[in-house]
Every structure is written in structure tokens, then in C-alpha cells.
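Nothing in this text is a laboratory measurement; each read-out follows from the coordinates by a stated rule. Because the structure is predicted, anything quoted here is derived from the model rather than measured. When we count neighbours, we look across all protein chains shown, and the Cβ atoms used for this are built from the backbone with ideal geometry, even at glycine.
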Amino acid sequence: MASKYDYIYELLQQYRQKNIYRELLISEIKKEDGNNNISFYLNKKKVINLCSNDYLGLSQNHFILTKTRNALKQVSQCSSRLISGNNINIEKLEKILANHRTSENALVYPTGYMANLGVISALSTCEHTIFSDSLNHASIIDACRLSKSKKIEIFKHKDINHLKILLQKNSQSKKIIVTEGVFSMDGDIANLQEVSELAKIYDAILIVDDAHADFVFGNVGNSGGIPEYYGVAEDVDVHISSLSKGLGCFGGYAASSNLINEFLVNKSRQFIYTSAIPEHLAVAAITAISFLKKNKNIQKRFFEKIHWFFDQLTQVGFNIGNTSSQIIPIIIGDEKITTNFSKELFKYGIFVQAIRYPTVAFGKARLRISLNNSIEKSQLVYVVNCLDKLGRKYKII
Ligand SMILES: Cc1ncc(COP(=O)(O)O)c(C=O)c1O
């Protein structure tokens, strides 16, 4: 007899058949032998974690943890910002973030995902066309779907000519252009100078989701991401980012002009109708930013490690696409091979998630490495040796 759940069983079965079925793993952080060395466990197995967005290794920083613990007075604000959840530390964080992005103002959201939904859906009206890079993150895609825009135009990845053609085609429309700074699944960098030029010419609102470049790329002592790296920070109307990547904390934000900020406070549903981030998490982010300002060499040392790792992987013969960042995809293509490769790496004590459809297109499956500064070079040498061995076994190199 047919049941109301039949379609769910069928879809799950299809996911298994297509090798895109997903399962949760349990992670654990352990201090070994009472010393300060921290080990990472997944499903009770000690592994080198090459899948953390804590790029600079700040999430376990003793100084930041202590300040965060001391700020912990209640678990949660238990209210939205506009009711009774606002507090002095969130406001302080927003001032720091505005300054960090050379914007007039900033608005903290519970996550980067919600910042994208909140900003793009609030700013777009039925008179707008949104121009979105084809490799933009799921949160941007969802934000476009949620918007009231009359049209969403997807331009080919980083293809400035295509973007120009689409802008011309929609010249009668109001326009919003949205791109990532560093692309989350490929690690390559947006042509932001050209994109911002087009935004000026076509009078488009320019939104940059810089979640993966924030606090990693940019000027020494600030690391304000890709807009700062290209010297176009002031041309960006809204900078969107996550606090749970380069900063190793939690939350999201949108930095913009006073006008846009005031509008978001009044219109952005993902800001208005949800609880404020807990105050101690705002303190964590404030402390992490101040830590980075005092430790200006962290990013430089990190990039030395990244470039050394690029060289190793390309010498071995892997296809790592066009990455220029800490996100390094080993592009394999086939979903099954990628999943098996990832499982076998796990046996060697290395965790690299197999990224498959719908996160990337079918046939573009990959092992997506995100390098983390706390991984030692000796560990990376071991990783390269294991990748080399398995790469040969699976005939990828
Ligand atoms: C490009 C991009 N934007 C936004 C987000 C969401 O950030 P958060 O994890 O803070 O929700 C992610 C998360 O991976 C991302 O990759």
C-alpha cells in the first residue's frame, strides 16, 4: 500500500545509488596527556582534520577562550535584537567590523548564511534583476530564491564579458550583483576590480560574500578580505561574511553604509525575527580580532604554508584547479571514486570530505582540502605521501 512517506524512501534510495548520500560524523577535541596539544577525533578516530574553516586556528586559542568564558553570564540572550536581545558587546563588535571593512556601519546576524538571506532578500524588489556568479554559495542561491526580484541572471563563473552582456540585456532593470570573494568550493578569487567597475557603470548594488577571505586576505594588520586585497573596499555596497571561518568564532555580518544598515534593521527578516547571537560569542569575535591585530604575522606564515602545499600537490600531479587560497580542491570528477578515496584517507588518519552534488555539479566531485594554520608541516608531509599513494591506486595521477 502506498504511504505518504514513499517519496522520501525513493529519494534517499536515489541519493545512495548516485553516491551523494550524506551521513553525520561525530567530532571531538581532546587534550592529550594533560599537555596543551589538542587532537581532533572523528567517530572516535584520531585524524588530521583538513576540513575545518578555522583557517588561522583561533577557535582553540587559549587567550580567546578565556575571555569568552569570562564573558559567559547567560547561555543565550533569549530574545531578538529588536526586543531585548541587544547588548553593548554586539554593538561594540559591529563598530569594529565596520572599521575592519572601511564601511560606515555593520550588522551582526546569527550566521553568515542568514546574513546572505537577510541582505539579498531585503534589498531586492520586484523591479530588480540579480546577477549572480554561477559558483556562488548555496546561501546566495537560497537568498536569490527568497528574493522578490523579477529575474535572476546567472553569469558564467568569473566571466566578466558574460556579466556585461547580461547587464546590457537588462539595462531597464534595477540591478544587484553578487559574488563571493574567495569561492568556497574552488578556492579561486573573484575578479573584483572588473566586477566593481561594471557595478559602477551599470549603477548596480554590489554585494560581496567574503566568508572565506575575511581575516585571511587583505592588508597586514587588518585582513579585510578580497575587496581590501584589490583596493576596492569602498566600491562594495554590502560586505557579507561569516565569523566562523578565518576568525574561528561564530556568527555572520553585513557591513554597509548607514543608510543600508538602517534599512536592514527595519526590513531584514533574518535579522528581525530571530534571536540575537549570545553576548559571549560577540566577546569571542572582539577578542579574536584584537588578537589578530597584535599578531600581524599569522597570515604571512599561513600563506607560506599554503604555497608550499600547492607546490607539493602539483608536483605529485593532482588537478587542484585555479585555487589561490587555503581552499584546495583535488578535482576527481567521479562521485564514487571520490567517496572511496575519502574513506581510504580516513583509514590513514586523514579527514578530507568528498564534496559531491548538489554542492558542486555532477561529475565535478572533489576532495576539498581547507588548510588550517595549526596543522604542522610534518603532518602535511605525511598527508602528501598518503595522497600520492592513493592517487596512484585510483589512477588520478
Ligand atoms: C561563501 C559562504 N558564505 C556563507 C557561508 C555561511 O556562513 P556560516 O557558516 O556563518 O553560516 C558559507 C559557509 O560555508 C560560505 O561558504
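Taking the chain as a Gaussian network, Cα atoms linked when under 10 Å apart, which of ARG269, ARG22, ARG145 shows the biggest mean-square fluctuation?
ARG22
Let me check I've understood the local charge: for CYS51, count other residues with C-beta under 13 angstrom from its C-beta, Lys and Arg +1, Asp and Glu -1. What total comes out?
Summing Lys/Arg as +1 and Asp/Glu as -1 gives +2.
Can you give me the pair-distance distribution of region 64-294, C-alpha pairs, 5 Å bins, whole percents?
For region 64-294, the pair-distance distribution reads 1, 7, 16, 20, 20, 16, 10, 6, 3, 1, 0, 0.
Which value, in Å³ per residue, describes the convex hull spanned by the Cα atoms of the chain?
172
Whole angstrom only: what separates the Cα centroid of region 158-212 from the Cα centroid of region 264-328?
Spelled out, the Cα-based centre of one part sits 21 Å from the other.
Using a ≥ b ≥ c from the Cα gyration tensor of region 207-340 (square roots of the eigenvalues), is it rounded, prolate or oblate, where a/c under 1.5 gives rounded and otherwise the larger of a/b and b/c decides, a/b for prolate?
prolate
Lysines within cross-link reach of LYS92: Cα-Cα under 30 Å, excluding same-chain residues under 8 positions apart?
Excluding near neighbours in sequence, the set is LYS67, LYS73, LYS245, LYS267, LYS293, LYS294, LYS296, LYS300.
Using alpha carbon centroids, what distance separates region 346-397 and region 42-56, in Å?
If you average the Cα positions of each part, the centres end up 12 Å apart.
Which one, ILE327, ILE189, ILE369, has the greatest fluctuation when you compute a Gaussian network model over the chain with C-alpha springs under 10 angstrom?
Maximum fluctuation in the GNM of the chain, among the listed residues, is at ILE189.
Please compute the contact order of region 1-44 in relative form: average sequence separation of alpha-carbon pairs under 8 Å and at least six residues apart, divided by the residue count, as a percent.
Reported relative contact order: 27 percent.
Tell me the net charge near SER173. Cut-off is 14 Å between Cβ atoms, SER173 excluded, with +1 for each Lys or Arg and -1 for each Asp or Glu. Present the calculation step by step, with values, prior to reporting the outcome.
Working: positive: LYS148, LYS150, LYS151, LYS169, LYS174, LYS175; negative: GLU127, GLU153, ASP203.
Neighbour charge sum, excluding SER173 itself: +3.
Out of region 307-396, which GluC sites (Glu not before Pro) are coil in DSSP terms and have no more than 15 other C-beta atoms within 10 Å?
When the GluC sites (Glu not before Pro) of region 307-396 are filtered for loop state and at most 15 Cβ neighbours within 10 Å, GLU376 remain.
With label points built 7 Å along Cα→Cβ from the Cα atoms of ALA138 and LYS31, find their separation and express it in nm.
3.5
Please pull out the direction-averaged projected area of region 1-114, using the convex hull of its alpha-carbon atoms, in nm² to one decimal place.
Working: hull surface 54.4 nm².
The number I arrive at for region 1-114 is 13.6 nm².
First select every other residue whose beta carbon is under 12 angstrom from the beta carbon of SER374; then total the charges, Lys and Arg +1, Asp and Glu -1.
Neighbourhood net charge equals +1.
Name the residue, out of SER378, SER325, SER121, whose mean-square fluctuation peaks in a Gaussian network model built on the chain with Cα pairs under 10 Å.
SER378
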